[in-house]
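Visitor: Dumping the structure here so I can ask a few things about it.
FYI, it's all coordinate maths here, none of it is from the lab. As the structure is a computational prediction, the values presented were derived from the model and not from experiment. Heads up, the Cβs are rebuilt from the backbone with ideal geometry, glycines too, and the neighbour counts pull from every protein chain shown.
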Amino acid sequence: MRATRRSLKRAVLLNLLAPVLLLAVAIGAGGYLTITSVVESSHDRLLDGSLMAIAERLAVESGEVVVDMPQVALGMLETKTQDNVYYLVATDAGPVTGYPDLPLGRMPAVEPGQPAHWDETYRGNAVRVAAVSRHVYGVEAPVIVAVAETRLARNQLRNEMLRNLGLAEAALILAIAVLAWVSVERGLMPLVDLSRQIDNRAVSDWRDLRPLDLSDVPQEAVAPATAINAMFERLRSATELLRRFTADASHQMRTPLAIVRVHVDLLRRESSDPELRDTALAELDQGAERLERLITQLLTLARADESAVAAAGGTPCDMGEVIEHVIADRIAGIPADTQISCLIRHRPLPLVSDTVLLSELLGNLLDNAVKYSGAGGQVVLSARREDDMALVTIEDSGPGIPEAERERVFQRFYRVPDRPDVPGSGLGMSIVKVIAELLHISIALDRSPDLGGLRVTLRAPLAPLSPIPV
């Protein structure tokens with residue numbers, strides 16, 4: 001079952017609306033408390049007005065408290081909800097007028113003249129009670145005046161205000177959601193355009209590896225878009241390397257293959273002549289050897305280019321051991337009259353490098369030194385520590401390379417003029433250059449002061465001393 005992909009648009013909207021909803025809940029809670037307080041205080045003031053209107057009519061006649069109930073005292077409490085209103089005037093001797101069973105037991109202890117309010121249940125209904133104690137001239141004990149009103153009008157007004165608040169919040173949230181949707185649509189439009197660019201590449205021409213246009217890409221999307229461009233660049237480099245490798249291989253293989261074909265044809269026609277047959281076989285052997293060497297070098301160059309694109313890491317190794325292994329691997333193929341010397345002045349010379357590529361680099365330099373030294377030549381390899389660098393030199397007694405040609409020899413298939421007697425394809429130094437750049441090794445060419453031929457100097461950064469894997 002295919003997993004549902006996350007929607008960036010939905011995630012942004014949720015992140016926008018979640019705080020809005022929390023804020024709406026907080027506003028609703030605050031609105032509820034505010035509305036309840038306003039409704040209660042406004043109706044309590046009406047109760048206080050009715051209460052004070054009755055209290056102002058208290059009097060004493062013949063030593064007894066009497067009250068002249070004004071019509072306005074209870075009329076001001078009339079509402080459309082037809083709330084019931086109850087009142088009571090009482091002294092310590094008992095009720096004077098009103099509803100004698102009106103409960104006053106929960107009346108707070110307040111100063112005389114200050115109205116008190118509390119909620120009560122009376123005759124099965126929730127009521128709001130307001131009461132005040134007044135001192136009347138001629139009566140020693142204070143007189144209690146109380147007015148109670150059912151809560152129908154209060155509840156209705158509070159519910160209506162809360163409903164209006166809820167509708168207003170709902171409308172506000174809906175408006176914010178619509179505006180947020182439009183804003184997110186517009187904000188993500190550059191990502192849609194970027195996606196369209198990529199889709200057009202896939203539909204129109206999948207080989208189009210030009211960088212994407214990032215001029216309108218927002219800052220938050222620059223990193224992945226840049227990564228896509230970097231991937232395109234790596235793909236383009238890899239494709240170019242493959243194309244160049246194919247072209248180079250096809251071009252360089254024609255000559256040795258042509259030699260092989262010519263001599264095979266010659267053998268077929270002149271197989272009776274022993275001398276001609278031996279010459280043809282020798283030429284065939286040389287052509288096959290050249291072709292084998294060329295294929296090996298092309299594959300090495302392709303691996304080096306591929307490693308440069310992949311930027312592979314390295315492993316701990318010792319430069320001295322790598323040099324000794326390279327010499328040991330090639331010693332059987334070196335002419336017997338060529339003198340090879342190796343001097344490792346300091347041990348160890350720790351590196352963090354790719355030992356396969358490093359061996360290929362040193363092997364190509366050694367092969368070139370032996371080849372160009374000629375019969376009876378001399379080759380000297382040395383390695384030593386210089387500050388934080390490993391310094392390796394390969395010197396030969398050959399003709400060397402003119403100073404004007406020392407940069408050009410690193411070009412692929414370039415050979416120094418006037419060297420037709422030395423076989424080769426012009427790939428050895430190209431391989432050395434590619435591997436040296438990949439392994440962060442500097443390379444310099446000059447004349448050997450001792451042997452008179454070419455001196456190649458390599459400088460590789462040393463690694464901290466650590467155990468070298470056996």
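Visitor: Per-residue HN-Hα couplings for the stretch 38-47, Karplus 6.51 cos²θ - 1.76 cosθ + 1.60 at θ = phi - 60°, whole Hz, x for Gly and Pro?
Guide: 5, 4, 5, 5, 5, 6, 5, 5, 5, 4
Visitor: Where does the stretch 35-164 land on the Kirkwood hydrodynamic radius, alpha-carbon pairs, in angstrom?
Guide: Computed over the stretch 35-164, the radius equals 15.2 Å.
Visitor: Could I ask something else about it? I'd like the Karplus ³J(HN,Hα) series for the stretch 131-148: coefficients 6.51, -1.76, 1.60, θ = phi - 60°, whole numbers in Hz, and an x wherever there's a Gly or Pro.
Guide: 9, 8, 9, 10, 8, 10, 4, x, 10, 6, 7, x, 9, 9, 10, 9, 10, 10
Visitor: If R₀ is 56 angstrom, what is the calculated FRET efficiency for the pair MET189 and HIS325, using the beta carbon separation as r and rounding to 0.05?
Guide: Calculated value: 0.40.
Visitor: How long are the three semi-axes of the equivalent ellipsoid of the stretch 344-389, in whole Å, if each is the root of 5 times an eigenvalue of the C-alpha gyration tensor, listed from largest down?
Guide: Sorted largest first and rounded, they come to 24, 15, 7 Å.
Visitor: Give, as ranges by residue number, the residues of the stretch 135-154 whose backbone N falls under 15 Å from the point 7 Å along Cα→Cβ of ALA93.
Guide: From the stretch 135-154, the list is 136-144.
Visitor: Given points 7 Å out from each Cα along the Cα-Cβ axis, report the GLU437 to SER237 separation in nanometres with one decimal.
Guide: In this crude spin-label approximation the distance works out to 0.9 nm.
Visitor: I would also like to ask the following. In terms of modelled amide H atoms, which long-range or inter-chain residues lie less than 5 Å from the amide H of LEU209?
Guide: none
Visitor: Now a separate question. Taking the simple approach of a point 7 Å from Cα along Cα-to-Cβ for both LEU16 and GLN411, what is their distance in nm?
Guide: About 5.9 nm, to one decimal.
Visitor: Related question: How large are Rg and Dmax for the stretch 89-223 when only the alpha carbon atoms are used, in Å?
Guide: 36.1, 111
Visitor: Taking θ = phi - 60°, what integer Hz values does the Karplus form 6.51 cos²θ - 1.76 cosθ + 1.60 yield along the stretch 368-384, in sequence order, with x for Gly and Pro?
Guide: Values, residue by residue: 4, 4, 5, 5, 7, 6, x, 5, x, x, 9, 10, 10, 10, 9, 8, 7 Hz.
Visitor: Can you list residues from other chains, or at least 5 along the same chain, whose modelled amide H is less than 5 Å from the amide H of GLY377?
Guide: GLN339
Visitor: Could you list which residues have their amide H under 5 Å from that of LEU454, counting only those 5 or more apart in sequence or on another chain, with H placed in the peptide plane?
Guide: For LEU454, the qualifying residues are ASP396, GLY398, GLY400, SER448.
Visitor: For the residue pair LEU172 and HIS135, what label-to-label distance in nm results when each label sits 7 Å from Cα along the Cα-to-beta-carbon direction?
Guide: Distance between the two pseudo-spin positions: 5.1 nm.
Visitor: For ALA59 and TYR32, what is the calculated FRET efficiency with R₀ set at 35 Å and r taken between the beta-carbons, to the nearest 0.05?
Guide: It comes to 0.20.
Visitor: Could you compute the FRET efficiency for MET389 and GLN197, with r as their C-beta to C-beta distance and R0 at 60 Å, rounded to 0.05?
Guide: Efficiency, from the Cβ-Cβ distance: 0.85.
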